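The values are calculated or read from the model by the stated rules, or taken from the named source; none is laboratory data. It should be emphasised that the depicted structure is a prediction, and the values quoted were computed from it without experimental measurement. Here Cβ is always computed from backbone atoms with ideal geometry, including for glycine, and neighbour counts include all displayed protein chains. SASA here: full protein model, heavy atoms, side chains in, ligands and nucleic acids out. Shrake-Rupley method; radii C 1.70, N 1.55, O 1.52, S 1.80 Å.
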Amino acid sequence: MEMERDSIEQMVDYQRGLELERNHLAQTDDMKAISLLEEVQQQGKLAQELQEQKFKAELNAHLQTISQLKHDRFVAARRAKTLETELRQEQDALEASKQKVAELQTKVTKTGESDGGGPTSEPAADSTEAPPRGAGQEVQGDRLKLELKNKSSLLSEKTEVSQLESSLKVLNIQQTEQTEVEIDRSPEELKLYIEEADITQSTVVKQTKIPQSSLSAFIHQSRPLKPKHQRALNAWWFRKETSA
């Protein structure tokens, strides 16, 4: 009986130990599950924060690009307005110069006709009175002085006309150059031009002082250049076409 009782107690203790171990394992599994859940939540929170930071950075970059584009557009519009005013003033000056040249040419033509085709008065052959002694020489001297004065005036006017014509030619050339330089070239035009002319981007960067990244973004991504870089590119293009 005592042996059976001991055996029963041992079995009860063994079952109790199994139950305790089962409860311990269950608690351990619950703790692991809770820890794993917390870790997953932490990772999800970190991923969300990273995504928000990336979105904010992209948003700020887009806002900066938009602000730069607005600024460039404002500068370009103001520059275009200034150039339009300067061009209008130069055109007015050119028209005034043309009108002055036309007036001078008309005046020169009239002066030449009056010098070469005017009738000359001669003393009558049957005059009864003889001219005073030395009067003929004085009249001839006065006539030579007048003719010399007219020719000097004509030469001065022709010189002035020639100078004005030269100034007009220079002004026309300057207007043409300024118009050509102010034309903004598109990325497609630049890419095609450097490919056909076998010019490397590094050469363009070296000659225009435009940063490599800005030039590459302009050609491949159509990202606008800064106004000073665009002007440098326009001037470089004009020099290349002029030399060609």
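Here are the numbers for this structure:
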| read-out | value |
| --- | --- |
| Lys/Arg +1, Asp/Glu -1 at C-beta; region 1-90 dipole; positive extreme among 66, 89, 50 | 89 |
| Cross-link pairs beyond the 21 Å C-alpha cut-off, checked among 81/206; 70/209; 206/228; 191/226; 32/54; 54/228 | 81/206; 70/209; 32/54; 54/228 |
| Accessible area of region 1-92 belonging to carbon and sulfur atoms, whole % at 1.4 Å probe | 57 |
| Accessible area per residue in Å² at 1.4 Å probe, computed on region 1-52 | 100 |
| Protection proxy ranking of 7-18, 94-105, 201-212 - average other beta-carbon atoms within 10 Å, highest first | 201-212, 94-105, 7-18 |
| Region 1-93, Rg to Rh (Cα coordinates; Rh as Kirkwood inverse mean 1/r) | 1.86 |
| Peptide ranges 190-199, 222-231 listed from the most packed, as the mean C-beta count within 10 angstrom indicates | 222-231, 190-199 |
| Peptides ranked, highest mean first, by Cβ atoms within 10 Å: ranges 232-242, 65-75 | 232-242, 65-75 |
